[in-house]
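For reference, the structure is listed below as structure tokens.
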Amino acid sequence: MVELVFASANEGKIKEIHQLLGNHFVIKGLKDVNIREEIPETGNTFFENAFLKANYVFEKTKKDVFADDSGLCIDALNGEPGIHSAYYSGFPKDDTKNIELVLNKLANSQNRSAYFICVISLIWKGKNYFFEGKVYGKITHSPLGSNGFGYDPIFIPNGYEQTFAELSLEVKNQISHRYLALKKLRNFLISRIYEI
């Protein structure tokens with residue numbers, strides 16, 4: 001069994017990632033390694049923020065660690081909300097206000113194309129690796145569905161008629177940006193395990 005620290009305190013996310021990575025891995029969260037403070041995300045890109053989080057944990061623990069940063073990028077808004085997705089409407093974090101702000105800004109726009117991106121930074125045996133997942137789609141005119149979180153109620157992935165918040169978790173997890181990035185991470189780690 002390979003032990004990995006995931007730079008998150010979100011128990012739901014940790015459980016989801018453990019299910020996705022499978023039985024080869026023991027996934028520990030920040031609480032398991034006694035990191036309780038907020039990790040600063042001061043980067044200008046998803047890659048920088050993911051690395052900052054992973055490196056912060058690595059410096060404190062010297063363990064193999066990975067972190068992710070993700071967000072929604074909308075073409076008509078020049079890539080906004082982007083790295084500011086979580087706090088787009090300000091502090092504290094408010095998914096409903098974030099959605100309202102996006103829909104207001106897009107009110108007169110015919111171009112609704114957007115994508116979700118997830119970047120994972122892995123520090124494995126002291127070296128850093130990146131894995132990226134993207135899912136393309138379009139923004140609705142109003143929120144639809146009650147599953148999911150964040151911008152899920154206003155994002156319809158290409159090839160589907162429903163928003164992420166209307167799709168079942170099983171379907172969403174097979175096509176999501178996080179799933180695509182994690183699949184690349186998993187393939188990388190398994191190839192390394194069998195080299196050991």
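Tell me, what is a quarter of the convex hull surface for the C-alpha atoms of the chain, in nm² with one decimal? Write down the numbers at each step before the final one.
Details: hull surface 44.3 nm².
If I average the Cα hull's projected area over directions, I get 11.1 nm².
Could you tally up the Lys pairs in the range 74-181 with alpha carbons closer than 28 Å? Skip any pair fewer than 8 positions apart unless they're on separate chains.
So the count of such lysine pairs works out to 14.
Please list, in order along the range 186-193, the HN-Hα scalar couplings obtained from phi with the Karplus expression 6.51 cos²θ - 1.76 cosθ + 1.60 (θ = phi - 60°), rounded to whole Hz, x for Gly and Pro.
4, 4, 4, 5, 5, 5, 6, 4
Can you tell me the FRET efficiency between Lys31 and Lys127 if r is taken as the Cβ-Cβ distance and R0 is 22 Å, rounded to the nearest 0.05? Can you show the working numbers first?
Details: r = 26 Å, r/R0 = 1.18.
So the FRET efficiency works out to roughly 0.25.
Which value, to two decimals, describes the C-alpha radius of gyration of the range 1-98 once divided by 2.2 N^0.38 Å?
Values: Rg = 14.9 Å, N = 98, 2.2 N^0.38 = 12.6 Å.
Dividing the Cα Rg of the range 1-98 by 2.2 N^0.38 Å gives 1.18.
Counting only other residues whose beta carbon sits under 13 Å from that of Leu167, what net charge do I get with K and R as +1, D and E as -1?
Values: positive: Lys172; negative: Asp152, Glu161, Glu166, Glu170.
Net charge around Leu167: -3.
Just to check I understand the Karplus step: with θ = phi - 60° and J = 6.51 cos²θ - 1.76 cosθ + 1.60, what whole-Hz values come out for the range 106-111, glycine and proline as x?
9, 3, 9, 9, 7, 7
Straight-line reach from Lys15: which aspartates and glutamates fall under 17 Å, measuring Cα to Cα and dropping same-chain residues less than 8 apart?
Cross-link targets: Glu3, Asp32, Asp68, Glu170.
Taking H placed 1.01 Å from N in the peptide plane, check which residues at least 5 places from Val26 or on another chain put their amide H under 5 Å from its amide H.
Counting only residues 5 or more places away or on other chains, the set is Val2, Glu3, Leu4.
Using the Kirkwood radius over C-alpha pairs as Rh, can you work out the diffusion coefficient of the range 9-62 via Stokes-Einstein at 25 °C, viscosity 0.890 mPa s, in µm² per second? Write down the numbers at each step before the final one.
Numbers: Rh = 12.4 Å.
Using the Kirkwood radius from Cα pairs, D works out to 198 µm²/s.
All of the numbers you see were taken from the coordinates with simple rules; none came from a lab. Worth saying up front: this structure is predicted, and the values here are computed from it rather than measured. So basically every Cβ, Gly included, is an ideal-geometry build from the backbone, and we count neighbours across all protein chains shown.
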